[in-house]
1. Examine the range 107-119 for a residue that is of a type in the set (Gly, Ala, Ser), in contact (Cβ under 8 Å) with a residue 24 or more places away in the chain and touching a strand residue (DSSP E or B) at 6+ places or on another chain (Cβ under 6 Å), and state whether such a residue exists.
2. Take the conditions part of a strand (DSSP E or B) and free of Cβ contacts under 8 Å to residues at least 40 places away in the same chain and apply them to ARG204. Does it pass?
3. In the range 335-352, is there at least one residue being under 16 Å from GLU246 (Cα atoms) and under 20 Å from the mean Cα position of the chain (by Cα)?
4. Does SER165 count as modelled with pLDDT under 95 and either surrounded by 23 or more Cβ atoms within 10 Å (Cβ to Cβ) or assigned to a strand (DSSP E or B) (or both)?
5. Is it fair to say PHE217 is modelled with pLDDT of 95 or more, over 24 Å from ARG115 (Cα atoms) and of a type in the set (Phe, Trp, Tyr)?
6. Taking ILE58, is it β-branched (Val, Ile, Thr) and not in a helix (DSSP H, G or I)?
7. Yes or no: the range 27-40 includes at least one residue that is surrounded by fewer than 17 Cβ atoms within 10 Å (Cβ to Cβ), at pLDDT 95 or above and either touching a strand residue (DSSP E or B) at 6+ places or on another chain (Cβ under 6 Å) or closer than 17 Å to SER165 by Cα (or both).
8. Does the range 166-178 contain any residue that is without any contact (Cβ under 8 Å) to a residue 24 or more places away in the chain and either in contact with a Lys or Arg (Cβ under 8 Å, 6 or more places away or on another chain) or assigned by TED's automatic domain parsing to the domain that holds ASN152 (or both)?
Amino acid sequence: MMDLAFTDEQVALRSEAHTFSESLRPLLVADPEWQRQGMLSDGDSKEVTRELGRAGWIGMTWRRDIGGRGLSHVDAALVEDMFGYHWLPLSLYLLSYKTIGCAIERFGSPELKERLLPPIARGELTFCQGFSEPGAGSDLASLTSRAVRRGNRFVVHGHKIWTSSAWLADWIYLAVRTSSRATRHRGISVLVAPIDTPGIEVRRFPVLGGGYLCEVFLDGVEVEAANLVGELGRGWEVVMHTLDFERITAEKLGGLAWILDGLERRLAETDRLEQAWRRIGALRGELAGARLLSLRAADLLDRGEPAAAASAMAKLAGARLAQRLAREAIDLLGLEGLSDGDLTAPLEGRVGGLYRASIGSTISGGSAEILQIVIARRGLGLR
């Protein structure tokens with residue numbers, strides 16, 4: 001981590017996260033699925049998620065009476081950076097707590113929060129996020145999945161794609177269209193439902209960077225009206241708040257820091273560091289900048305101020321750094337950088353996986369073009 005003026009409490013918190021992460025190492029090394037999925041923190045593990053819950057790391061920014069620790073979002077970013085440095089498989093954690101759980105904590109009804117937040121904090125209830133569709137990715141307002149109110153239930157039809165963790169999650173968080181007469185953004189609502197609800201079908205497929213994504217088919221799925229998050233037809237605000245949290249990718253920066261540290265050590269061991277020190281220094285400068293952007297976005301959330309532009313900057317900086325670091329590492333390591341999935345190889349064989357995973361980093365979570373539009377409009381006031 002770069003040299004910032006952290007409080008004694010934050011230093012102790014990061015030390016606690018470091019010790020916890022190291023304690024999980026034997027569990028992760030023994031799991032071949034994790035070795036395949038451990039790229040850029042996108043891996044999935046219900047067991048690790050339960051351990052995070054038992055140790056009090058899930059919901060750490062929530063109130064203590066709902067299972068949280070009352071910490072700040074800056075504190076959470078510092079902890080997640082450490083988790084990422086140890087390459088913990090965090091997909092279920094990030095979705096269930098950081099993006100979806102925090103949105104429910106802010107927009108959910110008292111009954112919904114009481115029902116869902118404590119088991120999320122314990123690591124016993126996990127979520128996937130049903131946003132993107134075959135015809136609505138970065139332009140999420142184009143979504144066509146539809147929910148029709150019938151009495152005390154919604155009936156949902158649609159198709160979601162690129163759904164992380166759906167094959168393991170217990171519940172799904174759905175953005176759906178509940179009005180065809182409203183404008184694109186005003187007719188969207190957010191619902192939550194158990195993933196085993198009749199009419200939900202999950203199909204899993206492997207992806208280039210390691211691990212899996214899913215597509216989800218929704219055919220006459222009945223969802224209780226009480227499972228509405230926020231106001232009917234006003235789900236766009238909920239969605240945007242969700243993305244503000246998702247785009248603070250401190251955990252991915254921790255993984256990149258591990259790669260950069262390992263790359264520097266490997267070059268020193270093989271007497272190649274002297275000719276590469278300028279390139280390594282430039283990468284360290286980019287990493288420091290990306291971390292500052294991430295912490296700035298988290299600080300704005302703590303202050304209750306708009307964070308859309310700042311989180312977009314943070315996500316874009318991290319994605320571009322991932323691609324540049326992957327290219328530089330392959331170039332500097334040569335063939336040994338292509339060793340993949342072998343924990344005895346240089347940098348535990350992770351450079352090749354990073355190279356593949358980084359290709360999609362400027363697309364997932366909002367494409368680079370969309371993020372630049374957010375920065376221009378929300379940050380600079382341009383139209």
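The values are calculated or read from the model by the stated rules, or taken from the named source; none is laboratory data. Model, not experiment: these values are computed from the prediction. With ideal geometry, Cβ positions are generated from the backbone for all residues, glycine too; neighbour counts draw on all protein chains shown.
1. Keep residues of the range 107-119 that are of a type in the set (Gly, Ala, Ser), which gives 108-109.
Subset that is in contact (Cβ under 8 Å) with a residue 24 or more places away in the chain: 108-109.
Okay, now just the ones that are also touching a strand residue (DSSP E or B) at 6+ places or on another chain (Cβ under 6 Å), so 108.
Within the range 107-119 (the criterion being of a type in the set (Gly, Ala, Ser), in contact (Cβ under 8 Å) with a residue 24 or more places away in the chain and touching a strand residue (DSSP E or B) at 6+ places or on another chain (Cβ under 6 Å)), the answer is yes, since at least one residue qualifies.
2. On the way: part of a strand (DSSP E or B): yes; free of Cβ contacts under 8 Å to residues at least 40 places away in the same chain: yes.
Considered against the rule, which asks whether it is part of a strand (DSSP E or B) and free of Cβ contacts under 8 Å to residues at least 40 places away in the same chain, ARG204 comes out as yes.
3. Start the filter on the range 335-352 by keeping residues that are under 16 Å from GLU246 (Cα atoms), which leaves none.
Within the range 335-352 (the criterion being under 16 Å from GLU246 (Cα atoms) and under 20 Å from the mean Cα position of the chain (by Cα)), the answer is no, since none of the residues qualifies.
4. Working: modelled with pLDDT under 95: yes; either surrounded by 23 or more Cβ atoms within 10 Å (Cβ to Cβ) or assigned to a strand (DSSP E or B) (or both): yes.
When the stated conditions are applied, SER165 passes them.
5. Values: modelled with pLDDT of 95 or more: yes; over 24 Å from ARG115 (Cα atoms): yes; of a type in the set (Phe, Trp, Tyr): yes.
In short, yes.
6. Numbers: β-branched (Val, Ile, Thr): yes; not in a helix (DSSP H, G or I): yes.
Here the answer is yes, as ILE58 does meet what is asked.
7. Scanning the range 27-40 turns up no residue that is surrounded by fewer than 17 Cβ atoms within 10 Å (Cβ to Cβ), at pLDDT 95 or above and either touching a strand residue (DSSP E or B) at 6+ places or on another chain (Cβ under 6 Å) or closer than 17 Å to SER165 by Cα (or both).
8. To start, the set of residues in the range 166-178 that are without any contact (Cβ under 8 Å) to a residue 24 or more places away in the chain comprises none.
Looking for residues that are without any contact (Cβ under 8 Å) to a residue 24 or more places away in the chain and either in contact with a Lys or Arg (Cβ under 8 Å, 6 or more places away or on another chain) or assigned by TED's automatic domain parsing to the domain that holds ASN152 (or both), one finds none in the range 166-178, hence no.
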